[in-house]
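**Q** What follows is a structure written as structure tokens; I'll ask about it next.
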Amino acid sequence: MSAADQTPTSADQTTSADQTERHTGGMTTNDDGRRVLTPTVAIIGGGPAGLSAAARLAPHVESVVVLEREKQAGGIPRHADHPGYGIRDRKRFMSGPKYARVLVAEAEAAGAELLTETMVTGWEGPSTLVATTRSGRLLVRPEVFVFATGARERPRTARMIPGTRPGGVLTTGHLQNLVHLHHKEVGTRAVVVGAELVSWSAVMTLKEAGCRTEALVSEYPVGESYSLFRVPGKVMFRTRVETSSKVVAIHGRGRVSGVEVENTTTGERRVIECDTVVLTGDWIPDNELLRMAGADIDPASRAPVVDAAMRTSLPGVFSVGNVNHPVDTADVVALEGQFVADRVREYLVARNAGRPDGPSARIVPDAPIRWVSPSVWGPDRTEPARRRLVAWVDRLIRRPVVTVTQDGRPLARKRLAWPAAPGRVFRIPSELLDDVSPSGGDVRVSVE
Ligand SMILES: Cc1cc2nc3c(=O)[nH]c(=O)nc-3n(C[C@H](O)[C@H](O)[C@H](O)COP(=O)(O)OP(=O)(O)OC[C@H]3O[C@@H](n4cnc5c(N)ncnc54)[C@H](O)[C@@H]3O)c2cc1C
């Protein structure tokens, strides 16, 4: 029985108990008495990438199911309650929660089924996912998997910040959850670690919660976000960015009392008093399910290795959005969701026609490019989404010149009109790879 045989759920006000009951009624049950769902496409993650893919695919394939662990679908925008969403994909400027509601409504209207409070926890063999729902375990065995699980900020333990272990240390995601979804208080004086776009989003949320940001601390010589945000941000929030600096200790017993900041140029250290620390950026893709399945993972970004069509190294398994490139903005990710939907449709047609795969070349970045996505160039010459490669750099280059070589042979070189800056994605036009031979050796991408 396909997912289309189930009663569709709503990701809005319906209670999860109601949803689970209705879905339980529509499941097939296997010989062991376990519930099994067999949609054409299962999308894991109901954020902008997954919902946009679902909305685009649902009218064209028999059944599309989105599996979302939260009570409501929408992903990060649900709790990023400020304007800044929808610019490229909707040509509108809207708040995160509004944007999330629009994406959910569109996916449902297109006929996709959104199963919320359904967390995918692992695999049972290579083609069956195991999900935990309020009414127990659910097996999901689709023809095609699309992973759209996003990325998360590394918590304190993974950043190895020494000091005591007091309360009051949060990531932006945690902060916005507390403030926007649970209306909790967070403190009165904060230090924000990082100075990228998401860091300013944290400053905004702190202000709303009545907490003043004493400083943003950035390891780079210039704050990572666009000057369009950085300069007015400092004035509007009456805060400062401590550049070339890093937090070397967190102090406090019970609650944070201050952070120790070292200037990495002079070696000078000082303590900033605060009761809240927000750790921003430093993203890691939510790659666990793909890793468990044995998909190739890029050692630099920890994202799945994908080609331009967002195919992972596993047949019938695609991945899209910030799980592929931590992190880009939601509008770009939503456009990628639409893009991968079209690639999934092509895959279904090609698979039925028995079309074989061909050779593909690896794309390898040279420092200061840390990683690039896609990182495989396939034989079918699919152009990547928006005809751009997405990369991450570790050093600011205001007028970058990108060079592409293969087997030591220069293929293309171009000066770009936009800077390569740490803390935000660097876009490289894919036309620079037009002369790549998929059967050749590694393709090296460098910037100077
Ligand atoms: C604080 C903050 C502010 C931002 N501000 C802006 C902004 O102003 N404008 C803008 O364009 N972008 C902004 N962004 C970026 C934007 O939110 C992301 O680009 C976008 O949400 C990425 O979409 P995604 O679908 O890839 O991932 P996500 O939005 O992270 O969605 C992934 C979804 O997958 C689900 N999931 C993960 N694992 C599982 C599992 N095992 N089982 C089931 N479900 C699972 C998650 O619950 C989540 O709903 C901001 C990001 C942050 C953190």
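The values are calculated or read from the model by the stated rules, or taken from the named source; none is laboratory data. Everything numeric here is computed off the predicted structure, so don't read it as measured data. FYI the Cβ positions are ideal-geometry reconstructions off the backbone, even for glycines, and counts take in every protein chain you see. Areas reflect the complete protein model, heavy atoms only, side chains present, ligands, DNA and RNA absent. Shrake-Rupley method; radii C 1.70, N 1.55, O 1.52, S 1.80 Å.
**Q** Can you find even one residue in the range 95-106 that is of a type in the set (Asp, Glu), in contact (Cβ under 8 Å) with a residue 40 or more places away in the chain, open to solvent by 30 Å² or more (accessible area, probe 1.4 Å) and in a loop (DSSP other than H, G, I, E, B)?
**A** No, that holds for no residue.
**Q** Sticking with this one: Take residues that are touching a strand residue (DSSP E or B) at 6+ places or on another chain (Cβ under 8 Å) and surrounded by fewer than 20 Cβ atoms within 10 Å (Cβ to Cβ) and tell me which of the strands (runs of 3 or more DSSP E) falling wholly in the range 141-204 contain 2 or more.
**A** Counting at least 2 such residues, we get no strands (runs of 3 or more DSSP E) at all.
**Q** Tell me which strands (runs of 3 or more DSSP E) are completely within the range 231-331 and hold 1 or more residues being more than 16 Å from the ligand (Cβ to nearest atom) and open to solvent by less than 20 Å² (accessible area, probe 1.4 Å), or say none if there are none.
**A** Qualifying strands (runs of 3 or more DSSP E): 245-251, 258-263, 269-273.
**Q** Check Thr403 against each of (1) under 30 Å from Pro77 (Cα atoms); (2) not assigned by TED's automatic domain parsing to the domain that holds Ala42 and name the one condition it does not meet.
**A** Condition (1) is where Thr403 drops out.
**Q** Still on this structure, I have one more. Just to be sure, is Leu206 within 14 Å of the ligand (Cβ to nearest atom), more than 30 Å from Pro304 (Cα to Cα) and in contact with a Lys or Arg (Cβ under 9 Å, 6 or more places away or on another chain)?
**A** The answer is yes for Leu206.
**Q** Let me ask something else. Going through the range 328-375 one residue at a time, which ones are modelled with pLDDT of 95 or more, within 16 Å of Val61 (Cα to Cα) and not charged (D, E, K, R)?
**A** Gly337, Gln338, Phe339, Val340, Ala341, Val344
**Q** Scan the range 107-136 residue by residue and report those that are open to solvent by less than 60 Å² (accessible area, probe 1.4 Å) and hydrophobic (A, V, I, L, M, F, W, C).
**A** Ala107, Ala110, Ala112, Leu114, Leu115, Val120, Trp123, Leu129, Val130, Ala131
**Q** Just to check your reading of the model, which residue among Ser52, Ser95 is closer than 21 Å to His180 by Cβ, within 11 Å of the ligand (Cβ to nearest atom) and among the hydroxyl-bearing types (Ser, Thr, Tyr)?
**A** So the residue among Ser52, Ser95 that is closer than 21 Å to His180 by Cβ, within 11 Å of the ligand (Cβ to nearest atom) and among the hydroxyl-bearing types (Ser, Thr, Tyr) is Ser95.
**Q** Moving to a separate point now. Tally time: how many residues in the range 55-83 are of a type outside the set (Lys, Arg), free of Cβ contacts under 8 Å to residues at least 60 places away in the same chain and near the ligand (Cβ under 6 Å from one of its atoms)?
**A** Selection size over the range 55-83: 2.
**Q** Please verify whether Val64 is in the same structural domain as Val317 (by TED's automatic domain parsing), under 19 Å from the mean Cα position of the chain (by Cα) and of a type in the set (A, V, I, L, M, F, W, C), treating the condition exactly as stated.
**A** no
**Q** List pairs: first in the range 175-193 and on the phi > 0 side of the Ramachandran plot, second outside any helix (DSSP H, G or I) and open to solvent by less than 20 Å² (accessible area, probe 1.4 Å), Cβ under 9 Å, 6+ apart or cross-chain?
**A** These pairs meet every condition: Gly187/Gly168; Gly187/Cys211; Gly187/Val256; Gly187/Cys274; Gly187/Thr276.
**Q** Which is modelled with pLDDT of 95 or more, within 10 Å of the ligand (Cβ to nearest atom), touching a strand residue (DSSP E or B) at 6+ places or on another chain (Cβ under 9 Å) and of a type outside the set (A, V, I, L, M, F, W, C), of Thr132, Thr128?
**A** Thr132
**Q** What are the pairs with Cβ atoms under 7 angstrom where one residue, in the range 423-438, is among the basic types (Lys, Arg) and the other, located anywhere, is not in a loop (DSSP other than H, G, I, E, B)? Sequence gap at least six, or different chains.
**A** Arg424/Leu197; Arg427/Arg388; Arg427/Val390
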